[in-house]
Amino acid sequence: MNNLTRRRTAPAFVVSPELSKTITRLSFEIRRQIGLLIDRQGWITHVMVGNHQAIEIPNLEKYRSGGGRLKGLRCVHTHLQHEPLTQDDLMDLALLRLDLMAAITMDKDGRPDYIHAAHLLPEGINGENWQILESLLPWDPDIDCQALIRSLESEFARKAPSQKVKRKWERALLVSVTMASRRAATDFMLELRELAESCNITVVDTVIQYKKKVDPRFLMGEGKLSELVILALQRGADLLIFDQELNPSQVRSITDLTDMRVIDRTQLILDIFAQRARSREGKIQVELAQLKYLLPRLVGKGTAMSRLTGGIGGRGPGETKLEIDRRRVRNRIGQLERLLQEIQKQRGQRRARRNKKGLPVVSIIGYTNAGKSTLLNTLTKSSVLVESRLFATLDPTSKRKKFPKDVEVIITDTVGFIRQLPEELVTAFRATLEELEDADLLLNVIDISNPRFADQIQSVERILESLNLHRIPTLRVLNKQDRVDPVTVKKLTRNLDAVAISANDERTLTPLLDKMELYIRRVKRLKTSAGPAKPLAAAS
């Protein structure tokens, strides 16, 4: 068998006649399937010996992969039962993105009689993503394998960039496996697209699979995953982003099966936060959240991660490289948590000084990209960064605002909320979110031009309740009224007991300022009297 790995077949052949005779004879003698992986120069890179029904293809991680590219290897193996390509063969062709999958059948004396081959298609035809070629004669295969593969890959490459992609942006397929309604699933996918684009990722396609029961290992079936891999190849994608949170074993299983990079919604949000953090505190909080997310997912890949340490102090079995990595991550988490405790203490001291001055605090909250920073800028005539993208603001900002009759308040802008805010972020940003606990009034900014605004209100209010902030009086502020017809705005204002504004138009803020001033005056009266302010109706 070892002699086979030093052999070379003519690159134009699927497999040379001499080589096909050799492996069918050996396979016939041992009554096991024999498989070869052959590169584009015709060299055999792997020899696999299976059982009488199947072979197992080894890990091909080190071989090239990427958007619009095939693996650069073709698989040729024997079939003992005189059957053509099986469904398993076609699945391997798709999942591994092989150049070609071929099976050699043999006659009753062990001589090769036909070669059955298939390749992937740059574009599906009648729902099929691969083409099975007509049976070839092993001694005279009527096919130029090298030319076929070059043609296929150039066609994949030609179709993949048909969608304009900004330079250095990654290309991703968005995937959702859900039991939600079609409307809800579509809304969630739209939000996932916005998150991806906020992270400088180009979305080349989206896939939603509705399932009554989610597969605990892959979320979806292996057949559907093979379709995803082919779609990624056809669209030139090199990344799968799942809307559902994946546990560590699911990430490993899907990555191993598809040979693609896989992330979930939580990791995507963490990446956005990592890109946007500017202050020392923000960077510490994001790194802490990322490490807490990473720790249970830190697993060895290949033999490189299972080396044993040796040398002085490392006698006996020692620590594996993986255990060292985990220990380092835990140590770094401990360091970051201590730093955050110091920051938390400093924040507490600042709050105490602020409370001594008796200045009321108004905190602007709301769903991400609802217009919170724009409202802060307009109210205080400041210039906080404003972008039409998710999580443009991570670092909290505080500004003073003076009302008529010498009423002064502090207005703070906070990080935006989002549906299913990752637990790691809530924990890491605890020091920032604690600022909200001292607020006298919360302004919940709602983008009523967003068709999902009702769900966003529920998401924000659920988060407030989970943080025990629902006891603080809250005034709903309906933003972007200029993008909605006046009748609808009036109806929403009445039904939601809210104030309608356009955050970038100071002329529309008068009703909001009147309500804020009315409430702040009541708070000041209570603070100067016997005790702390009791929860009041913010809209009164």
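The values are calculated or read from the model by the stated rules, or taken from the named source; none is laboratory data. Since we're looking at a predicted model, the values are computed, not measured. Cβ: placed from backbone, ideal geometry, glycine included. Neighbour counts: every protein chain shown.
Numerical summary
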item	result
Where a residue in the range 493-517 is under 19 Å from residue 411 (Cα atoms) and its partner, wherever it lies, is of a type in the set (Gly, Ala, Ser), with Cβ under 6 Å and at least six apart	503/371; 508/502
Residue list for the range 256-273, restricted to those being modelled with pLDDT under 90, within 21 Å of residue 211 (Cα to Cα) and either assigned by TED's automatic domain parsing to the domain that holds residue 418 or under 16 Å from the mean Cα position of the chain (by Cα) (or both)	258
Residue in the range 22-35 that is at pLDDT 90 or above, polar (S, T, N, Q) and assigned to a loop (DSSP other than H, G, I, E, B) present	yes
Residue within the range 467-476 that is in the same structural domain as residue 365 (by TED's automatic domain parsing), part of a helix (DSSP H, G or I) and not hydroxyl-bearing (Ser, Thr, Tyr) present	no
Considering residues of the range 114-139 that are in contact with a helix residue (DSSP H, G or I) (Cβ under 8 Å, 6 or more places away or on another chain) and among the aromatic types (Phe, Trp, Tyr) only, the residue surrounded by the fewest Cβ atoms within 10 Å (Cβ to Cβ)	139
Counted residues, the range 20-43 - those being among the acidic types (Asp, Glu) and within 17 Å of residue 101 (Cβ to Cβ)	1
Selected residue (criterion: surrounded by the fewest Cβ atoms within 10 Å (Cβ to Cβ)) from residues of the range 234-246 that are part of a strand (DSSP E or B) and aliphatic (A, V, I, L, M)	239
Single residue of 91, 101 found to be buried (at least 21 other Cβ atoms within 10 Å of the Cβ) and of a type in the set (A, V, I, L, M, F, W, C)	101
Selected residue (criterion: modelled with the highest pLDDT) from residues of the range 41-56 that are within 20 Å of residue 143 (Cβ to Cβ) and crowded, with 16+ Cβ neighbours inside 10 Å	44
Residues that are without any contact (Cβ under 8 Å) to a residue 40 or more places away in the chain, assigned to a helix (DSSP H, G or I) and not charged (D, E, K, R), drawn from the range 263-302	267, 274, 294, 295
Residue count for the range 247-262, restricted to those that are surrounded by fewer than 20 Cβ atoms within 10 Å (Cβ to Cβ) and not in a helix (DSSP H, G or I)	3
